[in-house]
Amino acid sequence: MKVLSMLLHRLSVAYRQSFPHVARAASRRLQLLLFCVGLAGGVLPGCTHLKSGYQSKAAFEEADRDFGQGKFSNSVQKYEQVLLKYPKEGDRALFEMGVVYSHPRNEQKDYQKALECYSRIVADYPGSAYRQDSEMMIFYINNVIFKDGLIASQQALIERLREDVRSRGEEIGTLQKKIKELEEKITVISAPKGPADKIVVEKSARRMTLFSNGAVLKSYKIALGGNPVGAKEMQGDNKTPEGTYTIDSRKKSSQYHLSLHISYPNEEDKKRAKQLGVSPGGDIMIHGIKSGFSWVGNLHTEIDWTKGCIAVTDEEIEEIDRLVPNGTVVEIRP
């Protein structure tokens, strides 16, 4: 998974250099797809989470090896042979075929065939461990197909504007400005001064704001715990706490880039957990993106993916680390 992510990242860079006017949109939807696949458990060829039977293991390894060498057609053919010869492993074979058909490096990729593979798993293998991942892939591939249409429309608009620039010399300055706005959409944001003396987290708005002497320094879009509604009650409930805390320590190196530790649980949290007869949990942080996925950037906020922490991008946590000293008050609102 790590090697594949690096390769796809390089492809994304090359694509941006060749087609800068559409690269951002294409890159965003590919990154979102890969990010969600990564969170679901790294379900790419060679890294599947079900153990093959003894007889089919060699066949899968051979198909995976062809995939790793970029022999996509050979890989599909071998997965098809597995499907026919080992029907009990059919769900895995179909899933692997879907991945090959939708892989960005496959010059003959076919999203419709990928959808057919995933749909067969949903229809024919209702108890499969691959069912949930297949439903997710169906959703995201349909989303990619839809966005491809939007990208094509945007590209056509850009090309029309360029033609206008070439044919209407007297208006070239105005049209170049429009093209630049359409392609780059640059937002200039002044760097905050700091230091912050208060952090306010608004869970329902997915927003975190830094304050200094009552004035706003900067706001950030955030991701929360996977079960975001309501206050955290016990360890493992994937909820983000609600209440007043402080930043009491930090880690300069962690599996989430940088992290600022929040002083959860407070006395009220401990009392509530005691009444429920459970552990209140702990290790609630403001942190960056999981190691290996920093390239996702702001797209990580499309999903509440943490175990109760508050997540921002790696660049943002570096800025927050500079602005927020230990002892800063953290108010987390519903």
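The values are calculated or read from the model by the stated rules, or taken from the named source; none is laboratory data. The structure displayed is predicted, hence computed values, not measured ones. Positions of Cβ are generated from backbone atoms using ideal geometry, with glycine treated the same way; all protein chains shown enter the neighbour counts.
A quick yes/no check of all residues on (1) assigned to a helix (DSSP H, G or I); (2) over 22 Å from Lys232 (Cα atoms); (3) modelled with pLDDT of 90 or more:
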| residue | (1), (2), (3) |
| --- | --- |
| Ser291 | no, yes, no |
| Leu299 | yes, yes, yes |
| Arg322 | yes, yes, yes |
| Glu331 | no, no, yes |
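Could you tell me whether Ile151 is free of Cβ contacts under 8 Å to residues at least 12 places away in the same chain and either outside the structural domain of Gly297 (by TED's automatic domain parsing) or surrounded by fewer than 16 Cβ atoms within 10 Å (Cβ to Cβ) (or both)? So Ile151 does not fit the description; no. Within the stretch 70-109, being surrounded by fewer than 24 Cβ atoms within 10 Å (Cβ to Cβ) and of a type in the set (S, T, N, Q) holds for Ser73, Asn74, Gln77, Gln81, Ser102, Asn106, Gln108. Exactly one residue among Gln112, Gln55 is more than 30 Å from Leu175 (Cα to Cα), polar (S, T, N, Q), modelled with pLDDT of 90 or more and surrounded by fewer than 19 Cβ atoms within 10 Å (Cβ to Cβ), and that residue is Gln112. Only a single criterion out of (1) among the hydroxyl-bearing types (Ser, Thr, Tyr); (2) in contact (Cβ under 8 Å) with a residue 40 or more places away in the chain; (3) touching a Pro at 6+ places or on another chain (Cβ under 8 Å) is not satisfied by Tyr264, namely (2).
Is it the case that Lys274 is among the basic types (Lys, Arg) and either farther than 14 Å from Val201 by Cβ or in a helix (DSSP H, G or I) (or both)? Criteria met by Lys274. Close Cβ contacts (under 7 Å, 6 or more residues apart or on different chains) running from residues in the stretch 122-138 that are under 13 Å from Gly98 (Cβ atoms) and of a type in the set (A, V, I, L, M, F, W, C) to residues that are at pLDDT below 90 and assigned to a helix (DSSP H, G or I) comprise Met136/Cys36.
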